[in-house]
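Peer 1: Encoded as structure tokens, here's the structure I'll be asking about.
What follows draws every value from the coordinates through simple rules; no lab data is involved. Just so we're clear, the structure is a prediction, and the values are computed from it rather than from any experiment. Backbone-built Cβ (ideal geometry, glycine too); neighbour counts: all protein chains shown.
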Amino acid sequence: MEEFEWMSAERRDQVEKLYGRFMDALRSPDDLLNMVLRGHLLVEEQLDRAVRAFVQRPQDVDAARLTFFQKIQLTRAFNIRHPDEPVWRAVAALNVLRNDLAHRLTSSERDRKARELITSTREDYPGPDYHAEEEEFTIPEQLQFAIGYLLGALNGIAGEYEQRARVAKEPVEALLNLEYDSGEGAEE
């Protein structure tokens, strides 16, 4: 690598090996990585939507720079009907898997963490014979079902929050628009 002539030979060898690893990673597409990272982004969109449902100034939520975990906890805290449902454990399991994939090119924990996500959705997933023998579906197929379930569940939750927020805002806006009578000039 001519552009690195200013480096020592040892350092240049390290950079070349690292660059080689980078190119190898690009040449070997990882469908699981792609699915989990993109699924995580879409799940986070639904968490953002749910949190934003109750706020007047979404830009303040953005400025808070909430972590994915904090968004899970806020969304769960707002949940009146299902605060203890398996969906919350499953969303957290997706985050654990995503973090493992995002911070390590390879991981001996990948399959175990993927199975934890799959297991956490299995008891609650209303999909087609999801309770069939595990061998019938590959891990990527099971993850696809699991992430699809999370997206559907969180979309429903965010929609419910938006509806509740609209209903709650109407009387508040009416109160804010009242003209206050100071009592001066009132007849007795």
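Peer 1: Could you rank the peptides 138-144, 156-162 by their average count of other C-beta atoms within 10 Å per residue, with the highest value first?
Peer 2: Ranking, from highest mean packing down: 156-162, 138-144.
Peer 1: Also, I was wondering about something else. According to the square roots a ≥ b ≥ c of the eigenvalues of the Cα gyration tensor, what is the shape class of the stretch 16-64, taking rounded for a/c under 1.5, prolate for a/b larger than b/c otherwise, and oblate for the remainder?
Peer 2: oblate
Peer 1: Further, regarding this structure: At residue 35 and residue 169, where each label point lies 7 Å from the Cα along Cα→Cβ, what is the point-to-point distance in nanometres?
Peer 2: 3.7
Peer 1: Give me the one-decimal nm value for the distance between modelled label points at residue 109 and residue 18, 7 Å along each residue's Cα-to-Cβ direction.
Peer 2: According to this spin-label approximation, the distance is 2.4 nm.
Peer 1: Next up: If you average the alpha carbon positions of the stretch 149-167 and of the stretch 15-58, how far apart do those two centres end up, in angstrom?
Peer 2: Rounded to whole Å, the Cα centres lie 23 Å apart.
Peer 1: Sticking with this one: If a paramagnetic tag sat 7 Å from the Cα of residue 81 along the Cα-Cβ line, which residues of the stretch 146-171 would have the backbone N under 14 Å from that point?
Peer 2: It comes to 153-165, nothing else.
Peer 1: Quick one: length gained pulling residue 124 to residue 57 fully straight, 0.36 nm per residue minus the C-alpha distance?
Peer 2: Extra length from residue 124 to residue 57 when fully extended: 20.7 nm.
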